[in-house]
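Asker: The structure is given below, and queries will be raised subsequently.
The values are calculated or read from the model by the stated rules, or taken from the named source; none is laboratory data. These numbers come from a predicted model, not from an experiment. Here the Cβ positions follow ideal geometry from the backbone for every residue, glycine too, while neighbour counts run over all protein chains shown.
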Amino acid sequence: MSDFSQSWLGQMRQLVGSRVILMPGTRIVIERADGRILLDHRADFRIWALPGGAAEVGESMAETIVREVAEECGVVVDALIPFGFASDPASETTTFPNGDVTQNFSLMFTTQAFSGEPVPLDGESIGYQWADPEDLPEMVANHRRSVEAWLRWKQSGTFQLI
């Protein structure tokens with residue numbers, strides 16, 4: 001849904017203003033065959049993050065991440081593997097540049113199955129890059145923690161709670 005005011009979050013913001021909203025959502029580590037991962041240069045924070053976003057009413061988490069990635073950058077993801085869950089309020093409470101606050105509860109996915117080349121489509125991103133997960137640029141802090149959790153999951157196979 002590209003019109004923020006019509007999204008669930010946009011409608012909630014009209015009711016509660018900038019106060020904290022508990023936000024179910026998703027993030028994804030999309031990995032190319034060469035091991036590089038897709039990063040999104042966010043328009044709001046002007047730094048890098050993982051693709052992802054907030055759930056809409058009636059969606060499963062898998063539907064949310066598929067929709068968000070397609071809406072944001074035109075990439076179609078498949079063969080989703082959940083690797084962790086991010087919910088620590090100390091790192092998952094986000095204050096946006098406009099003053100809005102969310103406490104995020106994010107199911108983290110990974111995949112190597114995708115098609116399409118990422119391009120900014122919905123105004124939420126300035127651009128995309130494929131990055132070495134061991135040498136990341138400046139990132140939104142909780143998204144960096146998600147990449148670190150993904151690296152631990154790749155080593156251990158253990159679902160990550162962060």
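Asker: So which residues in the stretch 151-162 are in a loop (DSSP other than H, G, I, E, B) and without any contact (Cβ under 8 Å) to a residue 12 or more places away in the chain? Walk me through it before giving the result.
Answerer: Residues of the stretch 151-162 that are in a loop (DSSP other than H, G, I, E, B), as a first pass: 157-159, 162.
Once the filter is applied, which keeps residues that are in a loop (DSSP other than H, G, I, E, B) and without any contact (Cβ under 8 Å) to a residue 12 or more places away in the chain, the stretch 151-162 yields G157, T158.
Asker: Might you let me know whether the stretch 141-150 holds any residue that is surrounded by fewer than 16 Cβ atoms within 10 Å (Cβ to Cβ), not in a loop (DSSP other than H, G, I, E, B) and not acidic (D, E)?
Answerer: First, the residues of the stretch 141-150 that are surrounded by fewer than 16 Cβ atoms within 10 Å (Cβ to Cβ): 141, 148.
Then keep just the ones that are not in a loop (DSSP other than H, G, I, E, B); that gives 141, 148.
Checking the rest, the ones that are also not acidic (D, E) come to 141.
Yes.
Asker: Kindly evaluate A86 against the criterion of being at pLDDT 95 or above, within 13 Å of the chain's Cα centre (by Cα) and of a type in the set (G, A, S). Walk me through how you get there before you give the answer.
Answerer: On the way: at pLDDT 95 or above: yes; within 13 Å of the chain's Cα centre (by Cα): yes; of a type in the set (G, A, S): yes.
When the stated conditions are applied, A86 passes them.
Asker: Quick one: T95 ticks every box in (1) surrounded by fewer than 16 Cβ atoms within 10 Å (Cβ to Cβ); (2) of a type outside the set (F, W, Y); (3) in contact (Cβ under 8 Å) with a residue 40 or more places away in the chain; (4) within 19 Å of V20 (Cβ to Cβ) bar one, so which box is it?
Answerer: (3)
Asker: For the stretch 53-110, which residues satisfy the criterion of being farther than 19 Å from D3 by Cα, acidic (D, E) and not in a helix (DSSP H, G or I)?
Answerer: Residues satisfying the conditions are D78, D88.
Conditions (1) of a type in the set (A, V, I, L, M, F, W, C); (2) modelled with pLDDT of 95 or more; (3) touching a strand residue (DSSP E or B) at 6+ places or on another chain (Cβ under 7 Å), marked per residue:
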position: Q6; (1), (2), (3): no, no, no
position: G25; (1), (2), (3): no, yes, yes
position: I28; (1), (2), (3): yes, yes, yes
position: I37; (1), (2), (3): yes, yes, yes
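Asker: Does the stretch 25-36 contain at least one residue that is in a loop (DSSP other than H, G, I, E, B), in contact (Cβ under 8 Å) with a residue 60 or more places away in the chain, of a type in the set (V, I, T) and closer than 27 Å to W130 by Cβ?
Answerer: No, the stretch 25-36 has no match at all.
Asker: Write out, first by first residue and then by second, each pair whose Cβ atoms fall under 9 Å of each other, whose residues are 6+ apart or on separate chains, and whose first residue, in the stretch 120-141, is closer than 16 Å to F96 by Cβ while the second is in a loop (DSSP other than H, G, I, E, B) and among the aromatic types (F, W, Y).
Answerer: Hits for this filter: V140/F45.
Asker: Same structure, new question: Among the residues of the stretch 111-124 satisfying the criterion of being small (G, A, S) and either within 25 Å of S87 (Cα to Cα) or not in a strand (DSSP E or B) (or both), which is modelled with the lowest pLDDT?
Answerer: Initially, the stretch 111-124 is screened for residues small (G, A, S), giving 113, 115-116, 123.
Then keep just the ones that are either within 25 Å of S87 (Cα to Cα) or not in a strand (DSSP E or B) (or both); that gives 116, 123.
Values: G116: 97, G123: 87.
Here the residue is G123.
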